[in-house]
1. Among the candidates V94, V83, which residue alone is at pLDDT 95 or above, among the β-branched types (V, I, T), surrounded by 12 or more Cβ atoms within 10 Å (Cβ to Cβ) and in contact with an Asp or Glu (Cβ under 6 Å, 6 or more places away or on another chain)?
2. Quick one: how many residues across the stretch 101-120 are assigned to a loop (DSSP other than H, G, I, E, B) and either in contact with a strand residue (DSSP E or B) (Cβ under 8 Å, 6 or more places away or on another chain) or surrounded by 15 or more Cβ atoms within 10 Å (Cβ to Cβ) (or both)?
3. Report, by residue number, each residue of the stretch 11-45 that is under 30 Å from D111 (Cβ atoms) and among the charged types (D, E, K, R).
4. Tell me the residue from L69, L98, L81 that is part of a helix (DSSP H, G or I) and either within 28 Å of P30 (Cβ to Cβ) or hydrophobic (A, V, I, L, M, F, W, C) (or both), please.
5. Has the stretch 28-35 got at least one residue that is out of contact with any His (no Cβ under 8 Å at 6 or more places or on another chain), within 30 Å of H87 (Cβ to Cβ) and buried (at least 18 other Cβ atoms within 10 Å of the Cβ)?
6. Working carefully through the options T89, T105, find the one that is of a type in the set (S, T, N, Q) and within 14 Å of A8 (Cα to Cα).
Amino acid sequence: MLFLFNDAIFDLGDARTFALEHRLAEQAGPAAVMKLRVAQVVKMVREAIFDEPQLARTSPDKAAFLGALLAWKTDEANALLAVAPRHVTLASQVEVRLAAVSLVTLQQLRDLQDAGRLSSHAVNLSVWSHAPQRMRA
């Protein structure tokens, strides 16, 4: 499974397996990870982006784990946009959007990434300008 986290594409394989076998899941304990709800994962994303706004670039391992959790727990989303607007003072102010994007689009973005040409602009044009607002978290 391909997952878009902001402006980075991750190949997760099976999202549930990826999440449960990840080192961060092992640290938290598989039972705790199994019990997580979507709202709790979104809160984790907000906190991670609040602490590290460029998470997908600076900590791709953690971003992939959070993406896998969202994909697994929503059973629908394969794209995430998480942005901390300027001057936010709380993690809860981080804006989060989820989307279900076609595999063709994700593969095209992955090809751009592999060629070193993936940009936020390309992602916005391909995904977020078309994603319904109803999938805001």
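1. Result of the check over V94, V83: V83.
2. Residues in the stretch 101-120 being assigned to a loop (DSSP other than H, G, I, E, B) and either in contact with a strand residue (DSSP E or B) (Cβ under 8 Å, 6 or more places away or on another chain) or surrounded by 15 or more Cβ atoms within 10 Å (Cβ to Cβ) (or both): 2 in total.
3. D11, D14, R16, E21, R23, listed by residue number.
4. Working: L98 fails: part of a helix (DSSP H, G or I); L81 fails: part of a helix (DSSP H, G or I).
Result of the check over L69, L98, L81: L69.
5. no
6. T105
The values are calculated or read from the model by the stated rules, or taken from the named source; none is laboratory data. Since the model is a prediction, treat every value here as computed from it, not as a measurement. Positions of Cβ are generated from backbone atoms using ideal geometry, with glycine treated the same way; all protein chains shown enter the neighbour counts.
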